[in-house]
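Trainee: Handing you a structure now.
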Amino acid sequence: VKPMTPRCTVPKAVPVGKTASLHCHENEGYPKSTYSWYRNSEPLSPDTKSNSKFQNSSYTLNPTTGTLVFHAVHKGDTGRYSCIATNDAGFAKCEEQEMEV
């Protein structure tokens, strides 16, 4: 079963240095969906260590739960965030939401 459009929760504004939690979830898809996050239409790597572009980012992305947590946000984390739920039957994307740091 193809995933439904996921529900995305993105904080509107977060002070520099604070923690920010972004959530993405849908429960129609079967098999269970995995989640990927995008900032300004660019995919966020689940593994920040292996990707030089994200080495300064202090976030953890859990593809199973759809949770993206910034441990200490900085100005560069400002942007439009969206999430895609994917399974064998297809994918669905939530609306982009702005997060300001």
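The values are calculated or read from the model by the stated rules, or taken from the named source; none is laboratory data. The shown structure was predicted, so the numbers you read here are calculated from the model rather than taken from an experiment. All Cβ positions, glycine included, derive from the backbone under ideal geometry; neighbour counts span all protein chains shown. Accessible surface areas use protein heavy atoms only, side chains included; no ligands, DNA or RNA. Shrake-Rupley method; radii C 1.70, N 1.55, O 1.52, S 1.80 Å.
Trainee: Around Gln97, what is the net charge, scoring Lys/Arg as +1 and Asp/Glu as -1 over all other residues with Cβ under 10 Å from its Cβ?
Mentor: -1
Trainee: Kindly state, to the nearest 0.05, the FRET efficiency for Glu28 paired with Ser58, given R0 = 22 Å and r defined as their beta-carbon distance. Write out the running numbers ahead of the final one.
Mentor: Working: r = 33 Å, r/R0 = 1.48.
Once the sixth-power term is evaluated, E becomes 0.10.
Trainee: Starting from the Cα of Asp88, move 7 Å in the Cα-to-Cβ direction to define the label point; list residues of region 20-43 whose amide nitrogen is under 13 Å from there.
Mentor: Answer for this model: 30-33.
Trainee: What's the magnitude of the charge dipole for region 7-99 around its Cα centre, counting Lys and Arg as +1 and Asp and Glu as -1 at the beta-carbon? Answer in Debye, nearest 20.
Mentor: Computed charge dipole of region 7-99: roughly 320 debye.
Trainee: Mind running the shape call on region 7-99? Use the C-alpha gyration tensor, a ≥ b ≥ c as the square roots of the eigenvalues: rounded below 1.5 for a/c, prolate if a/b tops b/c, oblate otherwise.
Mentor: Because a/c hits 1.5 or more and a/b exceeds b/c, region 7-99 counts as prolate.
Trainee: Here's something else I'd like to know. Could you please state how large a percent of the accessible area of the chain is carbon and sulfur, counting protein chains only and using a 1.4 Å probe? Display every interim value, and only then the final one.
Mentor: Details: 3110 of 5840 Å².
Of the solvent-accessible surface of the chain, carbon and sulfur hold 53 percent.
Trainee: Then there is this: Would you mind working out the accessible area per residue for the chain, using a 1.4 Å probe, and quoting it in Å²?
Mentor: Normalised by residue count, the accessible surface of the chain is 58 Å².
Trainee: Quick one: net charge around Arg80, please, counting Lys, Arg +1 and Asp, Glu -1 for every other residue with C-beta under 11 Å from its C-beta.
Mentor: In short, -4.
Trainee: Let me ask something else. Straight-line reach from Lys18: which aspartates and glutamates have a Cα under 13 Å away, not including same-chain ones fewer than 8 places off?
Mentor: Partners within reach: Asp77, Glu100.
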